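Working notes, beginning with the structure itself.
The values are calculated or read from the model by the stated rules, or taken from the named source; none is laboratory data. In this text the structure is predicted, and so the values were computed from the model without any measurement. For neighbour counting, all protein chains shown are included, and Cβ atoms are generated from backbone atoms with ideal geometry for every residue, glycine included. What goes into the accessible areas is simple: the full protein's heavy atoms, side chains included, and nothing from ligands, DNA or RNA. Shrake-Rupley method; radii C 1.70, N 1.55, O 1.52, S 1.80 Å.
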Amino acid sequence: GRDLICIQSMDGMLMLFEQESYAFGRFLPGFLLPGPLAYSSRTDSFITVSSCQQVESYKYQVLAFATDADERQDTEQRKLSSGKRLVVDWFLNIGEQALDVCIVSFNQGVSSVFVLGERNFFCLKDNGQIRFMKKLDYSPSCFVPYCSVREGTINTLIATHSKMLNVYQDVTLKWATQLPCIPVSVKVANFQDLKGVIVTLSDDGHLQCSYLGTDPSIFQAPKVYSREINYEEMNAEMKELQKIIREASKTQDILPESEKQRDVIVTAEVSPDLDEQSQAIDSEVKAEAVPSVTVKITIQSKVTAQKPSLAVCVQAPLAVTCDQFVFGDLEPDSSETVVLSVFLKDNCSPPELEGTCMVSYNIPTELNPEGIPRVSQCNFSLPLKLVCFPGQPSKAANHKLTIDTNKPPISFVTIFPDFVDPSQGDQANALGFQFLTGAKTTLLASKTSQRYRIQSDQLEDLWLVTKELIRRLEEHFKKQNCKDFTCTFSGSIPLQEYFELIDRHFELRLNAEKYQELLSERAVQFRAIERRLLTRFKDKTPAPLQHLDTLLEGTFREV
């Protein structure tokens, strides 16, 4: 009666959940890239295809009790722990990458493992032995085993990149048909009295229900009574039908309209100044003060809009004081306005200073009083002052980035008036940016060449200032009606520093995951001890409870 969920991560970790509770996680040995994953209820195993081109089976019991041997270096700890290294139950080398794995059971408990490779189609027993395989002379895209028509055989649909759908009985091709697109998924479904419907989904979202063959017709044509045709009545009826079709086409249009013809328009206005009193809530930033900026969002409706709701999204670590708003129905030529604040919540720099407002609503029509769903959205940009403030420029830094332009350098007083001391005048050719997270970045303008330099002690702190510099330069020259302004980067790409950043990120993540895994293991041990103790002392007199306290105290001390 409980839902068990297994999630495979990009770094080879299988995370097991009981309902919403995290149970444990295990790293698959020799992992490089994630492959298809399936669960066999008959053998209680997870079956996947590894980067070694092997079909591998891992029993759930082995996953539950396995631990990394590296964490059990101490002999005493090894005795206390019941964990062991994760080992594969069985494996089979198929010599190619797999597109999908499917486990089916049509014949009274006999299950089969189907693997669709790049050039071959395999059917395995649940112990890893090959039942049969079929070499394909085409490139498959997806497949599904769907039934057993004859005892001992299984029918399978295999779709191809040449827009074909092939029907196999084991290894024998029974039927082939042409499809209008290349499917990425195929299933067989039953809809009321219509059985055997082939449902395909293409990579561009085209969903199709197909039906092979025809049912025998029991319809008998009625006798034809000869009568004179009234052409005037037919023409009048045809005109009336055409009028109904035209009206239905107008009112039932669900295609997106141009911005000028939108029924509901949403706009966002960002305040040019920071809030006098910060609206930051539960911010983890370690700065003395965390600023916020007000965003005013206006929804204007030209028609009746039912059930309008507004969602405001900014990318973490930025956050908003309120991200969901629900309104009553909007009448024609009416509007709604909301005000919210954006601030830095987590103690790290955001990847971008942009946000999105999205309004969903329904437009009622004559044929659809409930309304046709529509969406309107707009984007807004946040000021750089939200995440940093003026600071002292630094002469030395570990990481430097040089931007070349085809125009003479512009004074920082002109393009960065909010970060420059006006008393410096046009002589300011160095700017310092002090981020709320503690990082510092310096911007320099060359006096003799058309170059700008951004430098900082951390590689990741260069991005926001670089992006802001390019944006403000483009806006400046656009106001000057200059259409040929360009920014270029001629230096070497700092790949080594970039890879070191990624390594540090994953090291932190792995440490956190190992700590979480250790806590989960201890929780599992506690539950096992609790079940054993409750079973042992069930229906006993109160006297043994003293022993129970002693055992629990010893267990807590051990953990």
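Numbers below:
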{"item": "The stretch 135-163: number of residues that are crowded, with 17+ Cβ neighbours inside 10 Å and either touching a Gly at 6+ places or on another chain (Cβ under 7 Å) or part of a strand (DSSP E or B) (or both)", "result": "13"}
{"item": "Entirely in the stretch 406-512, the strands (runs of 3 or more DSSP E) that have 3 or more residues that are under 18 Å from PRO383 (Cβ atoms) and open to solvent by 80 Å² or more (accessible area, probe 1.4 Å)", "result": "none"}
{"item": "Selection status of PRO393, surrounded by fewer than 16 Cβ atoms within 10 Å (Cβ to Cβ) and over 24 Å from SER381 (Cβ atoms)", "result": "no"}
{"item": "Members of the stretch 103-122 found to be over 15 Å from PRO36 (Cβ atoms) and open to solvent by less than 20 Å² (accessible area, probe 1.4 Å), listed by number", "result": "SER111, SER112"}
{"item": "Residue in the stretch 359-371 that is within 30 Å of VAL420 (Cβ to Cβ), out of contact with any Ser or Thr (no Cβ under 6 Å at 6 or more places or on another chain) and open to solvent by 30 Å² or more (accessible area, probe 1.4 Å) present", "result": "no"}
{"item": "Sole residue being aromatic (Phe, Trp, Tyr) and either loosely packed, with under 15 Cβ neighbours inside 10 Å or touching a residue at least 40 places away in the same chain (Cβ under 8 Å) (or both), chosen from PHE327, PHE343", "result": "PHE343"}
{"item": "Any chance GLY391 is touching a Pro at 6+ places or on another chain (Cβ under 6 Å) and small (Gly, Ala, Ser)", "result": "no"}
{"item": "Matching residues, the stretch 449-473, being more than 21 Å from ASN406 (Cα to Cα) and among the charged types (D, E, K, R)", "result": "ASP457, GLU460, ASP461"}
{"item": "Total residues in the stretch 1-15, condition in a loop (DSSP other than H, G, I, E, B) and either closer than 18 Å to ASP44 by Cβ or open to solvent by 80 Å² or more (accessible area, probe 1.4 Å) (or both)", "result": "4"}
{"item": "Qualifying residue in the stretch 377-390 (condition: among the small types (Gly, Ala, Ser), on the phi > 0 side of the Ramachandran plot and open to solvent by 20 Å² or more (accessible area, probe 1.4 Å))", "result": "no"}
{"item": "Residue within the stretch 357-366 that is out of contact with any Pro (no Cβ under 9 Å at 6 or more places or on another chain) and closer than 17 Å to GLU269 by Cβ present", "result": "yes"}
{"item": "THR356 in a loop (DSSP other than H, G, I, E, B), under 30 Å from GLN306 (Cα atoms), of a type outside the set (Phe, Trp, Tyr) and in contact (Cβ under 8 Å) with a residue 24 or more places away in the chain", "result": "no"}
{"item": "Enumerated strands (runs of 3 or more DSSP E) restricted to the stretch 17-63, each holding at least 2 residues that are under 18 Å from SER520 (Cβ atoms) and in contact with a helix residue (DSSP H, G or I) (Cβ under 7 Å, 6 or more places away or on another chain)", "result": "21-27"}
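Every residue, every condition in (1) in contact with a Leu (Cβ under 7 Å, 6 or more places away or on another chain); (2) within 24 Å of GLU354 (Cβ to Cβ), yes or no:
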{"residue": "ALA445", "(1), (2)": "no, no"}
{"residue": "LEU459", "(1), (2)": "yes, yes"}
{"residue": "LEU462", "(1), (2)": "yes, yes"}
{"residue": "THR466", "(1), (2)": "yes, yes"}
{"residue": "GLU475", "(1), (2)": "no, yes"}
{"residue": "ASN481", "(1), (2)": "no, no"}
{"residue": "ASP484", "(1), (2)": "no, no"}
{"residue": "GLU497", "(1), (2)": "yes, no"}
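So that you can scan it fast, the table gives a plain yes or no per residue for (1) in contact (Cβ under 8 Å) with a residue 40 or more places away in the chain; (2) closer than 23 Å to GLN129 by Cα; (3) aromatic (Phe, Trp, Tyr):
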| site | (1), (2), (3) |
| --- | --- |
| ILE5 | no, no, no |
| ASP11 | yes, no, no |
| MET15 | no, no, no |
| ALA23 | yes, no, no |
| ARG26 | yes, no, no |
| LEU33 | no, no, no |
| ASP44 | no, yes, no |
| ILE47 | yes, yes, no |
